[in-house]
Amino acid sequence: MKLKHLEKLLENLEGFSNPSPLLEQYRTPAPLAARLLFHAAMRGDIEGKRVCDLGCGTGVLGIGAALLGARDVVAVEVDPDVLGIARKNSLKAGVEIQFIEADVKQPEIHAVAGWCDTVVMNPPFGAQQLHADRPFLDAAVTIAPVTYGIFNAGSRSFISSYLAGRGEIDEVIGGLLPIRRTFAFHRDEVREIPVEICRIVSHHEA
Ligand code: SAH
């Protein structure tokens, strides 16, 4: 599948109907999602693999992974209403995904999601709830040996020191995350936030 084709398919999926600011429910824009997934596929981390989308929201990343040939996709999300949208989107895209309603903060999250080859995620940046991104990092390194995550630009040193001994970043790709005015506290119509797609390799034994 071509990058543009994947982008188009992801673009056509349904977004959040009533996004929660506290949970930082922003849809991952299709071009950014497609970029992450294509890159992961190029590195051999998608096709034939068991992939987990952590905090799947509308399901964009998990659905894209399935479209690129993942063997199994599990998608974890805490908000049941949003899971309904993700489920609808997976049907629309014609892919099979195992949806799990769970909080990534729960200590047994690796058992809930099951061992995976690759995690893909666009976690909360921690703008509303301080450190909301940390449980995602904790969960990711216990679930899979490789993670692709979207973070605020400049997060690299924080992630490296936070994960010390548990995982390390071996590649960073810069990008822009356009955020449309979604919540009352947003002042601009569209704001482009510089982000980084980080590939994290965990010291995890399957
Ligand atoms: N890739 C998704 C991005 C969603 S934004 C998309 O394009 O739709 C982050 C998601 O993480 C939200 O759906 C939010 O509900 C979920 N989330 C936030 N905290 C969570 C937690 N502790 N456990 C599981 N999901 C969580």
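Derivation of every value follows stated rules applied to the coordinates shown; laboratory data play no part. All figures in this text were calculated on a predicted structure; none of them were measured in a lab. Glycine also receives a Cβ, built like all others from the backbone with ideal geometry; neighbour counts cover every protein chain displayed.
Here are some notes:
- Using a Gaussian network model of the chain in which every pair of alpha carbons under 10 angstrom is joined by a spring, one finds that among Leu36, Leu22, Leu54 the greatest mean-square fluctuation is at Leu22.
- Cα centroid separation, region 127-168 to region 6-31 (Å): 21
- Remark on the chain: ratio of C-alpha radius of gyration to 2.2 N^0.38 Å is 0.93.
- If you model region 1-89 as an ellipsoid using its alpha carbon gyration tensor, with each semi-axis the square root of five times an eigenvalue, the axes come out at 22, 14, 11 Å, biggest first.
- Where both bridge residues fall in the chain, DSSP classifies roughly 55% of the beta bridges as antiparallel.
- P(r) of region 107-186 over all Cα-Cα pairs, binned every 5 Å from zero, in whole percent: 3, 13, 23, 25, 17, 10, 6, 2, 0
- Burial ranking of peptide ranges 11-19, 147-155, 129-137, 69-77 (average Cβ count within 10 Å, highest at the top): 69-77, 147-155, 129-137, 11-19
- Close amide-amide hydrogen proximity is noted between Glu171 and Arg199, each under 5 Å apart and 5 or more residues distant or on a separate chain (H modeled in the peptide plane; Pro and chain starts excluded).
- Cysteine residues of the chain whose C-beta has no other cysteine C-beta under 4.7 angstrom: Cys56, Cys198.
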